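This report refers to the structure that appears directly beneath it.
Laboratory data are not the source of any read-out in this text; all were calculated from the coordinates shown. Keep in mind the model is a prediction, meaning the values are calculated, not measured. Please note: Cβ atoms are built from the backbone with ideal geometry, for glycine as well, and neighbour counts cover all protein chains shown.
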Amino acid sequence: MLAQRTIRNKTSATGVGLHTGKKAVLTLHPADPDTGIIFRRIDGDKVIEMPAQANMVGNTTLATTLEKDGYEISTIEHLMSALAGLGVDNCIIDCDGPEIPIMEGSSTRFVFLVQAAGIVEQNAVKKFIYVTKSVQVQRDDAVAKIKPYAGFRVSFGIEFDHPVYQKYPQTASIDFSQTSYIRQVSRARTFGLYKELEMLKANNRALGASLNNAIGVGEEDILNEGGLRFADEFVKHKMLDAIGDLYLLGHNLIGEYYGFKSGHELNNQLLRKIESENAFKIIEIDEIKDAPINYLKPISEEVA
Ligand SMILES: [Zn+2]
């Protein structure tokens, strides 16, 4: 059978939040079958449990934030993306602050963390979100949509009216039966215009941002030494974000996502519409060979 997955051992990482600038310790725990992904704030009087579900999302300005009882855990999307990409179904994630550490700006360090902890198969059949009809949301010319597809495919287009962005590819499309999340997506870092950083900081955002955890886009070129990791790193990061946001549906997806200038807010609206319109069914795949998603096959030979 195609089994659910969790991590073998507890594992921890420490870092700084991109937006809050606050240090946080993150601890990932193995979890029982059918637990799903659950975040927990552990620094208050009591533990606040926040299941990684679309309806738990509050703020979506520049990051996806879970909220409950006046507590929040923000910037969950890169960690969620790594868990989705590695097909980890069940995991409990403790965080002792309001934001998941940004690490180096992509999901690579989270992939390492999970791989180092080990991934184990559990005695329960893996479930998938199987998209049964097309759903679309849009705001102005930004679009996020999902449609039935015999596999998992993500396509994205960005359109920034700025000469540096325009030097690089602004569209990408990946079919995950053909290529791997780890190789193609996980290393893409978050990014922003350097001249907007001051304004963001004045609004208490991006307080932890630096060239160590984001691509800084200058007036004429990339400000990071070494430039981009690959030519389409910007659009690939938007795909990384979308994969993390989609995982708030609760299971890996069988379907096609298309985003144009979409972000966390539109992605979350899409998830809520998928749920309210019942545009999916939950299926189990018994045979590994029937899984249309390459990254669900044994990953021991893959290295981040
Ligand atoms: Zn991101």
Which lysines have a Cα lying under 29 Å from the Cα of Lys201, excluding residues fewer than 8 positions away in the same chain?
Lys22, Lys23, Lys68, Lys167, Lys236, Lys238, Lys261
In nanometres, the difference between 0.36 nm per residue of separation and the alpha-carbon distance of Arg229 and Lys22 is 71.9 nm
Under 5 Å between amide H atoms, partner at least 5 residues away or on a different chain: which partners does Lys22 have, H built in plane at 1.01 Å?
Gly17
Of all beta bridges DSSP finds with both residues in the chain, what is the antiparallel percent, to the nearest 5?
70
Can you list residues from other chains, or at least 5 along the same chain, whose modelled amide H is less than 5 Å from the amide H of Thr132?
Phe280, Lys281
Rounded, prolate or oblate: pick one for region 86-186, where a ≥ b ≥ c are the square roots of the eigenvalues of its C-alpha gyration tensor, a/c under 1.5 means rounded, and failing that, prolate if a/b is larger than b/c, else oblate.
oblate
Fewest-first ranking of Ser12, Ser81, Ser74, using other Cβ atoms within 10 Å as the exposure measure:
Ser12, Ser74, Ser81
Whole-Hz Karplus ³J(HN,Hα) for region 150-163, in order, using 6.51 cos²θ - 1.76 cosθ + 1.60 and θ = phi - 60°, x for Gly and Pro?
7, x, 10, 10, 10, 10, 8, x, 10, 8, 9, 7, 7, x
Of all the stretches in the chain, which is the longest one without any exposed loop site, taking GluC sites (Glu not before Pro) in a DSSP loop (any state but H, G, I, E, B) with at most 10 other Cβ atoms within 10 Å?
1-219
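I'd like the trypsin sites (Lys or Arg not before Pro) in region 92-160 restricted to DSSP loop residues with at most 16 other Cβ atoms within 10 Å, sorted by number.
Counting only loop positions with at most 16 other Cβ atoms within 10 Å, the trypsin sites (Lys or Arg not before Pro) in region 92-160 are Lys133.
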Residues in region 38-62, backbone N under 19 Å from the label point at Asp96 (7 Å along the Cα-to-beta-carbon vector): list them, ranges by number please.
39-50
Kirkwood-Stokes translational diffusion coefficient of region 128-296, alpha-carbon pairs, 10 °C, 1.306 mPa s, µm²/s
93
Which Rg and Dmax, in Å, describe the Cα atoms of region 3-127?
13.6, 40
Using θ = phi - 60° and the Karplus form 6.51 cos²θ - 1.76 cosθ + 1.60, what ³J(HN,Hα) does each residue of region 42-47 get, whole Hz, x for Gly and Pro?
10, 9, x, 5, 10, 6
Given the Cα-Cα distance of Asn204 and Ile282 and 0.36 nm per residue of separation, how much length would full extension add, in nm?
24.1 nm
Stokes-Einstein D for the chain at 20 °C, 1.002 mPa s, Kirkwood Rh over Cα pairs, in µm²/s?
111
